[in-house]
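The values are calculated or read from the model by the stated rules, or taken from the named source; none is laboratory data. On a predicted model such as this, the values are computed, not experimentally measured, just so you know. Cβ coordinates were reconstructed from backbone atoms using ideal geometry, including for glycine residues, and neighbour counts include every protein chain displayed.
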Amino acid sequence: MSAGHLFDETNDHFDDVTHRTWLGKHRESLLDFYQPRVCLPSGGYAWLDDVGAPILDKGAQLWLGARMIHVFSLAAMLGRPGAARVVEHGLSFYTDGPGNDKRYGAWYPVVGGKEASDRKELYGIAQMVLAGCSATAAGFSRGREVMDEALAVIDRHFWLEEWGRCAEAYDRTFSRLDPYRGQNANMHLTEAYLAAHQVTRDPQYLARATRIAHHIAGGAAEVDVPGSWRLPEHFDESWCPIRDYNIDDPRHPFRPYGSQIGHWLEWSKLCLQISAQGVEDAWLPRAAEALFSAAVAEGWLGSGGFVYTVDWDGRPVVEERYFWEPAEAIGAARLLWLRTGDQKYQDWYRKLWEYVDQYFIDHRKGGWFSELDATGTPVTYTWEGKPDLYHAYQATLYALVPAHLGLATWAGSVT
C-alpha cells in the first residue's frame, strides 16, 4: 500500500476519513499477523519470527505476554473476533499457570526456552499492571486479579517512597536487590500507573506517575540548560547517572549506552497524558515540547528515521532505526497537536506514518520490521523476528483517542 492511500489532501490528518479507514485496516492486518500463532500450546505467548511463526527457544517472556494481554484486551473491546480467547490464554498462564510464582509471588520473566529466568524484574511486572488494567476495562474476570497482584507486588518490593521511583530487580525470593536503577522500567510503570488511575480512580497512582516523570523527564523543561533533554538511562542505587553504562555494548536491546531518542518521545507523550489528567504543573507541557523538538532535531537524520541512541553531546551512537520510535513519536505528535493546535505536529504525524508505511511495514509478510539500517534496509543486529505488537497497534489508535482518556478506557467507551 503506497503512502498516497494513507491520507487525503486535507491538513486535518486526524479527522481525515481516508486516514482513519487506513488505520482501521492496518490495525486488523497487525492482528492477522499475530493472532493465529502467538498463543503457545504450553502456555503464555510466543516470540514470533519474520513470518509469524513461534521461536520456541525464546520461551514465554513476561514483558511480551503482558503486552499481548493489553493489546488483545483493546482488540476485544473493539470487536475483534477471537481476541478474547487470546486474552484468556494469557490470564490463565499468569494467574493459575506456570508463569506465576506461587511460592514467592509475582511472575517469572522467562518461562521455558533456552534462557529461562526466575528473577523478579520491574520491567515485566510494570507491564502486568497495564495488562491487568486493560483486561479489567474489557470485562475479563481475572483482569482485576492480575492488576491488583501487580500493584501489590510493586508496593511491597519495588516502590521507593523516599526516591519517588522504583527499584529494578531482585532474585526470585526478593531477598537480594540489584543495585542498578533504570529509567526504562520506571517509564513503563508511569504508563501503567496512568492506566491504573483511569481504571481505579485512585489518585495515588496519578501522583506516583507524576513523581516518576518529574524525576526522570522534568529536567527537559529547563530549555535553557544545554542537553537537558538527553535523558540519562542508567543509575546507581543512589540514582546518580552512570553515563558510560554499557559503552562496550551500545546495541543492548534494553540497556544501551547513551540516551535513547525513542524514550524522549515516550516521555513527551507521557507528560502530556499526565497533564490531561488534570495535573497543572507547568513543567509537563514544557518538557513534552522540548523532548519532541530535540528528538526530531538530533535524532531524525536526513535519510529518514530516528537513530537509536546519541551520546552526551548529541552525536549518534547507534544509527539503526527501531520500529517503536516512530510509533511513540506518532502518539506524542497527536497529543502535542491537541495541546497546542500547532500545524507542525500534524505535519510530523503525517510524515511519520508515511515513513512507517514505506520502510517499517512489511507489506509482503505482515507486521513491522523490528530494525532498519541507515538506508532503510531491514537488519537483525539487536531484534530477531517481529516479537512486539504493542507499539505498532497503539500507534493505530492515537488519532482516535481524546487526550484525557487512556486507550483501554477509550476502547471501553466505544463498545
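Here are a few things to note about the model shown:
- Of the residues making up the range 289-299, at least one is of a type in the set (A, V, I, L, M), surrounded by fewer than 17 Cβ atoms within 10 Å (Cβ to Cβ) and in a helix (DSSP H, G or I).
- Residue satisfying all of: in the range 39-62; aliphatic (A, V, I, L, M), under 22 Å from Pro378 (Cα atoms) and out of contact with any Cys (no Cβ under 9 Å at 6 or more places or on another chain); surrounded by the fewest Cβ atoms within 10 Å (Cβ to Cβ) among these: Ala53
- Hits in the range 242-275 (condition: touching a His at 6+ places or on another chain (Cβ under 7 Å) and surrounded by fewer than 18 Cβ atoms within 10 Å (Cβ to Cβ)): Ile242, Asn246, Arg255
- Subset of the range 159-178 [more than 14 Å from Ala196 (Cβ to Cβ) and either of a type in the set (Phe, Trp, Tyr) or surrounded by fewer than 16 Cβ atoms within 10 Å (Cβ to Cβ) (or both)]: Leu160, Glu161, Glu162, Trp163, Tyr170, Asp171, Thr173, Phe174, Ser175, Arg176, Leu177
- Among the residues listed as Asp311, Asp357, Asp347, the single one being touching a Gly at 6+ places or on another chain (Cβ under 8 Å) and of a type outside the set (Lys, Arg): Asp311
- Ala66 being at pLDDT 95 or above, surrounded by 24 or more Cβ atoms within 10 Å (Cβ to Cβ), among the aliphatic types (A, V, I, L, M) and not in a loop (DSSP other than H, G, I, E, B): yes
- Some residue of the range 92-100 being surrounded by fewer than 16 Cβ atoms within 10 Å (Cβ to Cβ), without any contact (Cβ under 8 Å) to a residue 40 or more places away in the chain and over 20 Å from the mean Cα position of the chain (by Cα): yes
- Counting the residues of the range 193-241 that are in a helix (DSSP H, G or I), crowded, with 19+ Cβ neighbours inside 10 Å and touching a strand residue (DSSP E or B) at 6+ places or on another chain (Cβ under 6 Å) gives 1.
- Scanning the range 164-215 for residues that are over 18 Å from Leu231 (Cβ atoms), in contact with a helix residue (DSSP H, G or I) (Cβ under 9 Å, 6 or more places away or on another chain) and charged (D, E, K, R) yields Asp202, Arg208.
- For the range 299-349, a residue qualifies if it is closer than 24 Å to Val225 by Cβ and of a type in the set (Val, Ile, Thr), and the qualifying residues are Val307, Thr309, Val310, Val317, Thr340.
- First in the range 227-238 and touching a residue at least 24 places away in the same chain (Cβ under 8 Å) and under 11 Å from Asn184 (Cα atoms), second anywhere and of a type in the set (Val, Ile, Thr) and in a loop (DSSP other than H, G, I, E, B), Cβ under 6 Å, 6 or more apart: His234/Ile242
- Screening Tyr104 against (1) crowded, with 24+ Cβ neighbours inside 10 Å; (2) more than 19 Å from Trp47 (Cα to Cα) leaves a single unmet condition, (1).
- The set of residues in the range 366-398 that are over 18 Å from Ala131 (Cβ atoms), within 17 Å of the chain's Cα centre (by Cα) and not polar (S, T, N, Q) comprises Gly367, Trp368, Phe369, Glu371, Trp383, Lys386, Ala395, Tyr398.
- A single member of Glu162, Glu149, Glu145 is assigned to a loop (DSSP other than H, G, I, E, B) and of a type outside the set (Gly, Ala, Ser), and it is Glu162.
- Residues of the range 16-39 that are in a loop (DSSP other than H, G, I, E, B) and in contact (Cβ under 8 Å) with a residue 40 or more places away in the chain: Gln35, Val38.
- Pairs with Cβ under 7 Å, 6+ apart, first in the range 344-366 and closer than 20 Å to Phe14 by Cβ and of a type outside the set (A, V, I, L, M), second part of a helix (DSSP H, G or I) and modelled with pLDDT under 95: Glu354/Ala3; Asp357/Ala3
- Considered as a group, the residues in the range 324-365 that are within 19 Å of Leu23 (Cβ to Cβ) and assigned to a loop (DSSP other than H, G, I, E, B) include one that is farthest from the chain's Cα centre (by Cα), and that residue is His363.
- Of the residues making up the range 128-158, those that are polar (S, T, N, Q) and crowded, with 19+ Cβ neighbours inside 10 Å are Ser134, Thr136.
- Odd one out for Thr380 among (1) among the polar types (S, T, N, Q); (2) outside any loop (DSSP other than H, G, I, E, B); (3) surrounded by fewer than 20 Cβ atoms within 10 Å (Cβ to Cβ): (2)
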